[in-house]
Every structure is written in structure tokens, then in C-alpha cells.
1. Only loop residues by DSSP count here, and only those with at most 13 other Cβ atoms within 10 Å; note down the trypsin sites (Lys or Arg not before Pro) in the range 58-94 that meet that.
2. Let me know the Rg and Dmax you get for the chain when you use only its Cα atoms, in Å.
3. I'd like the antiparallel share, as a percent to the nearest 5, of DSSP beta bridges with both residues in the range 221-294.
4. What is the helix-to-structure angle for 261-270, meaning the angle in degrees between its Cα long axis and the longest Cα principal axis of the chain, kept from 0 to 90 and rounded to the nearest 10?
5. If you average 1/r over every pair of different alpha-carbon atoms in the range 11-156 and take one over that average, what Kirkwood value in Å do you get?
6. Give or take rounding to whole Å, what are the principal axis extents of the alpha carbon atoms in the range 74-180, in descending order?
7. Per DSSP helix of 4 or more residues, -39500 (n - 2.57); summed, then divided by the residues of the chain. What does that give at 222 nm, rounded to the nearest 500?
8. About the Cα centre, and with charges only on the beta carbon of Lys, Arg (+1) and Asp, Glu (-1), how big is the dipole of the range 11-156? Nearest 20 debye, please.
Amino acid sequence: MKRNVEKYDYQVLNDAKNILMEIDMPKELYNPRCVMIFCACAQMIDGKSWRHISEEYMSVHDIIKYVNEVFPNKAGLDKKGYQENSRETFRDETLKRWVSAAIIESKAGLAANDRNNGYRFTSAFAALIRTYGSDQWEDSLSAFMETYESYSKKLKQVKSLPKGYDVTCGNITVKLGLSAHNKLQKQILEEFVPNFASGAELLYIGDTSDRTLQRDDKRLSQLGIKILEDTSKLPDIILYDADKNRIIYVEAYSSTGEFNKDRVDYINTYCSYKNDIEVAFVTAFATTKKMLQVYPKIAWDTEIWIAEEATHLTHKNGDRFMGRNPEEFL
């Protein structure tokens with residue numbers, strides 16, 4: 001049987017291979033035998049949504065039986081299916097290694113070769129693969145990989161070193177932890193600010209693990225910003241552009257938190273701005289695709305910035321443009 005297959009006749013096997021590749025599984029653990037075992041553990045067939053995967057324990061015997069029934073003759077790659085004496089190969093070369101990779105678990109307290117033993121996906125990994133093929137997949141994968149040590153890396157015994165993003169805005173440098181959310185915050189400070197708020201002061205920024213990473217309470221108080229007292233409504237970034245006398249609230253959108261009308265109204269009501277300060281709300285996205293998922297929820301008269309189109313800014317409505325005098329359009 002072929003060890004490497006570019007594309008299977010069964011779409012569910014292509015999906016399984018892609019999932020394993022996305023979590024950086026070693027190549028020998030997404031070969032044809034492995035992807036069929038993967039689908040057997042999930043009890044998946046073509047046409048079935050991944051959100052309906054099984055989380056039941058399956059014995060090695062049941063896995064072999066499932067593979068032979070659903071993917072006859074090893075998915076058409078051989079002249080015959082797997083024999084019962086393939087149990088050790090299934091267990092030792094795939095399942096036990098997936099246990100080490102923390103995507104599969106066996107029944108507690110039983111020996112590996114106990115006939116009553118069984119295997120199922122871990123709850124964290126099952127939650128991830130339920131989103132495969134949906135709009136939530138990319139976010140779920142990103143969140144999963146933030147805490148998951150890939151088996152490929154584990155096998156290489158790579159020493160874990162502290163990493164992060166060192167980002168400078170004006171005369172302030174902050175260190176953000178590695179995450180998709182913080183990557184977008186880095187892009188905001190390095191691309192949005194120079195393009196649309198050059199010279200702005202960074203008054204506040206929160207890390208995913210430290211909500212008060214940078215916070216200038218004195219300056220915030222001078223400008224009448226009190227929103228920091230309620231962290232549930234707190235924007236990710238607060239800037240002040242002195243040249244335009246403008247406060248800019250920026251939200252780095254990952255899965256929630258866009259500037260909807262209720263949130264904008266709350267912030268404006270809670271703060272008492274001074275000296276005729278102009279206030280702008282910017283919801284920032286990594287991609288246009290991500291923005292389109294929540295566009296209807298974004299409040300009118302707020303701004304939209306997309307990192308993949310960094311030199312453009314979208315204003316939701318035409319009554320007021322950030323940084324422009326409305327009288328210019330009369």
C-alpha cells in the first residue's frame with residue numbers, strides 16, 4: 001500500500017489528513033493508515049459534518065472493523081483490508097503515539113494491550129475538530145495551538161524559550177506575548193498608527209495575559225477617560241492624537257468585542273471628555289473575511305481597519321469621517 005497519498009477518493013480522509021497536518025503532526029502520523037484510524041475514532045464518513053464526531057472509546061478491534069467497513073481494501077489502495085493481527089501496528093505505531101501527542105487518550109488504569117482498553121479524542125482536541133469546515137475553524141485552531149505543544153516539536157526536544165513581540169509606539173516599548181490577538185495588536189501599532197494617527201500617544205494597551213500592560217492613568221484622567229474602571233467594556237488600545245485633539249479607541253477583533261452601538265454608547269456616556277476632544281472608535285481585523293462575519297454588528301459612525309489592507313480605512317457611514325471636517329462635504 002502507498003505510504004503517501006496526495007488526495008484520497010474519500011473527502012473525509014483528506015479532511016483528516018489536513019487536520020493532522022495543521023497541528024504539525026509528523027508525516028508518518030498522517031499516512032493512509034493513520035488518517036483511516038483518525039476517521040474511525042471520530043466515526044466519520046463522507047457527507048457527515050465534523051461537528052458530529054464521536055467521543056466514545058473505541059477498542060483497536062472496533063477501529064479495524066470500522067476501517068474495513070467504511071474504507072474497503074484500505075480505501076481502495078490495496079487488494080484487501082486490515083487483518084486482525086494488525087492490532088499491534090494500529091496500537092503501537094499510531095494510537096500510542098497519538099496518546100503521547102495529547103490528541104488521544106486511553107481508558108485510565110488499563111494496560112495498553114488489555115482487550116477492554118479503548119481510545120478516544122481528548123476533550124480539547126475534540127472541541128477543535130468539531131469546528132473543522134466551519135467559519136470558527138481558524139480561530140479555534142489558533143487558540144488550540146497557543147497552548148498545544150506539537151508532537152513534531154516534542155520529538156525534536158526543542159527547548160522552550162520565552163518569545164513575544166517587542167513593539168514600540170512613540171517613546172513607549174511594550175512586550176506582547178505570542179498569540180493571534182497580540183499579533184494584530186502589533187500590526188495596529190506598527191501599521192495603523194503611522195498611517196492614520198502618526199505621533200499619537202499610547203495611553204493604554206492590554207496583553208492577553210496582562211490587561212494593564214501599559215496604562216498612563218494621569219494622562220487618561222486629564223482627558224476624561226474613565227472607562228478603565230470597567231474592564232468588561234475596555235478597548236484593547238487607547239491612543240491620543242494631540243495634533244487633531246482626538247482620542248482613538250481601537251479593538252483588535254479576534255472572536256468578540258467589536259464596537260457595536262451599545263458599547264460605543266456606554267463608553268461615551270461613562271467618560272467626560274474635555275476641551276472639545278473628538279472621539280473615534282476603530283474595530284481592527286486581521287482579514288476582510290473576518291470583518292465580514294460581524295460587519296452588521298459594527299456601529300455606524302465608527303471606523304474599520306483591516307491589517308491585510310493596512311493603508312485603507314473604512315468609515316461605516318458618510319456623516320462624519322475621522323480627521324475630516326464635515327463642512328468639506330456640504
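1. Passing sites in the range 58-94 are LYS79, LYS80.
2. 25.8, 82
3. Among the beta bridges of the range 221-294, antiparallel pairing accounts for roughly 40 percent.
4. So the inclination is approximately 50 degrees.
5. Every distinct Cα pair counted, the radius reaches 15.4 Å.
6. 68, 31, 26
7. -8500 deg cm²/dmol
8. 480 debye
Read the figures in this text as sums done on the coordinates, not as results from a lab. Source: prediction; values computed, not measured. We place every Cβ from the backbone using ideal geometry, glycine too, and count neighbours over all the protein chains shown.
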